[in-house]
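S.K.: I'd like to ask you about the structure that follows.
The values are calculated or read from the model by the stated rules, or taken from the named source; none is laboratory data. Source: prediction; values computed, not measured. As a convention, Cβ positions derive from the backbone with ideal geometry for all residues, glycine included, and neighbour counts pool all protein chains shown.
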């Protein structure tokens, strides 16, 4: 057959292929970057190591997880730090020598009110944690996000691996300019670091705050997003996604809220289900059986490949 006779058929095939690609929803296309099943060390695996620290992340890499999960905050001098609580939590934080702070005072002392040079003086790895008796004690501190990524990427490279990251923007409506900067500033600081470190395409941004997710979706539509939901709200899948206004890559509920119906409702929309934080083998296996697409756990040893 001559080339000019084949051409119409080739054009039809090309058109159908293009149509097929364009019909794939953006969040489904973004999810193709990810592992088939995501295993995430919650706060680096705080059941075994001090939470949200570099030593925890390196330990989690050694344990074979696909993804390092963490929380982000911002200091007064606009440095992005890795911390869950916006304040000095004396449950596991030790103030600098000479600083006398009560637990109640600590809850009113926000990292956003300090420069990072001060934040770094607070020790976060030596106090025994009452909730996590297996946690290994290591002298450490709240790290800069940029330093954590550098350490994780270097350690993973030695292992011949590429890590994924799941980072929570820790904001709430009443906390703007008190506990953290306003949404645009917070998000832009984070995105700038992820771009500079060349890990943006391997990073999921998660939040309970729809404002943060909506901002990033609008400004950076190729960033993978995950919608965090508590046990009470999570079952209302359609209502929650309508409130969000778009389909995220992940719907991330409290693991106690996960049912077969919830998983089916998400999967029908092409949205993956990523529960947090089952901490027993029984719960992990239950969630896998229900069809979850990943697990976030304080115990990365439960998620070993």
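The rows are residues; the columns are (1) surrounded by 15 or more Cβ atoms within 10 Å (Cβ to Cβ); (2) at pLDDT 95 or above; (3) in a loop (DSSP other than H, G, I, E, B).
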{"residue": "150", "(1), (2), (3)": "no, yes, no"}
{"residue": "153", "(1), (2), (3)": "yes, yes, no"}
{"residue": "156", "(1), (2), (3)": "yes, yes, no"}
{"residue": "165", "(1), (2), (3)": "yes, yes, no"}
{"residue": "171", "(1), (2), (3)": "yes, yes, yes"}
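S.K.: Separate question: Please work out if residue 303 is out of contact with any helix residue (DSSP H, G or I) (no Cβ under 9 Å at 6 or more places or on another chain), in contact (Cβ under 8 Å) with a residue 40 or more places away in the chain and surrounded by 15 or more Cβ atoms within 10 Å (Cβ to Cβ).
M.R.: So residue 303 does not fit the description; no.
S.K.: Would you check if residue 65 is surrounded by 16 or more Cβ atoms within 10 Å (Cβ to Cβ), modelled with pLDDT of 95 or more and over 23 Å from residue 281 (Cα atoms)?
M.R.: Here the answer is no, as residue 65 does not meet what is asked.
S.K.: At positive phi and part of a loop (DSSP other than H, G, I, E, B), is that true of residue 160? Explain how you work it out, then say what you get.
M.R.: On the way: at positive phi: yes; part of a loop (DSSP other than H, G, I, E, B): yes.
So residue 160 passes the test.
S.K.: Give the residue, chosen from 43, 29, 33, that is surrounded by fewer than 15 Cβ atoms within 10 Å (Cβ to Cβ), modelled with pLDDT of 95 or more and part of a helix (DSSP H, G or I).
M.R.: Criteria check complete, one pass: 29.
S.K.: In addition: Tell me the residue from 304, 257, 268 that is out of contact with any strand residue (DSSP E or B) (no Cβ under 6 Å at 6 or more places or on another chain) and closer than 19 Å to residue 66 by Cα, please.
M.R.: Residue meeting the stated conditions: 304.
S.K.: Sticking with this one: Go through segment 46-70 and give me each residue that's assigned to a strand (DSSP E or B) and farther than 16 Å from residue 132 by Cβ.
M.R.: 67, 68, 70, listed by residue number.
S.K.: Quick check on residue 274: is it in contact with a strand residue (DSSP E or B) (Cβ under 9 Å, 6 or more places away or on another chain) and either closer than 22 Å to residue 57 by Cα or in contact (Cβ under 8 Å) with a residue 40 or more places away in the chain (or both)? Let's see the steps before the verdict.
M.R.: Numbers: in contact with a strand residue (DSSP E or B) (Cβ under 9 Å, 6 or more places away or on another chain): yes; either closer than 22 Å to residue 57 by Cα or in contact (Cβ under 8 Å) with a residue 40 or more places away in the chain (or both): yes.
Considered against the rule, which asks whether it is in contact with a strand residue (DSSP E or B) (Cβ under 9 Å, 6 or more places away or on another chain) and either closer than 22 Å to residue 57 by Cα or in contact (Cβ under 8 Å) with a residue 40 or more places away in the chain (or both), residue 274 comes out as yes.
S.K.: Answer yes or no: is there a residue in segment 197-206 that is more than 21 Å from residue 69 (Cβ to Cβ), surrounded by 14 or more Cβ atoms within 10 Å (Cβ to Cβ), at pLDDT 95 or above and out of contact with any strand residue (DSSP E or B) (no Cβ under 6 Å at 6 or more places or on another chain).
M.R.: Taking every residue of segment 197-206 in turn, none turns out to be more than 21 Å from residue 69 (Cβ to Cβ), surrounded by 14 or more Cβ atoms within 10 Å (Cβ to Cβ), at pLDDT 95 or above and out of contact with any strand residue (DSSP E or B) (no Cβ under 6 Å at 6 or more places or on another chain).
S.K.: Right, another one. So which residues in segment 223-251 are in contact with a helix residue (DSSP H, G or I) (Cβ under 7 Å, 6 or more places away or on another chain) and closer than 18 Å to residue 34 by Cα?
M.R.: Selection gives 223, 224, 225, 227, 247, 248, 249, 251.
S.K.: Output yes when any residue across segment 101-119 is modelled with pLDDT of 95 or more, touching a strand residue (DSSP E or B) at 6+ places or on another chain (Cβ under 8 Å) and over 24 Å from residue 77 (Cα atoms), and no when none is.
M.R.: no
S.K.: Looking only at segment 93-111, which residues are over 30 Å from residue 188 (Cβ atoms) and touching a residue at least 24 places away in the same chain (Cβ under 8 Å)?
M.R.: Kept after step one, since they are over 30 Å from residue 188 (Cβ atoms), are these residues of segment 93-111: 94-105.
Of everything in segment 93-111, those that are over 30 Å from residue 188 (Cβ atoms) and touching a residue at least 24 places away in the same chain (Cβ under 8 Å) turn out to be 94, 95, 96.
S.K.: Could I ask something else about it? Could you run through segment 105-137 and say how many residues are under 23 Å from the mean Cα position of the chain (by Cα) and surrounded by 13 or more Cβ atoms within 10 Å (Cβ to Cβ)?
M.R.: 11
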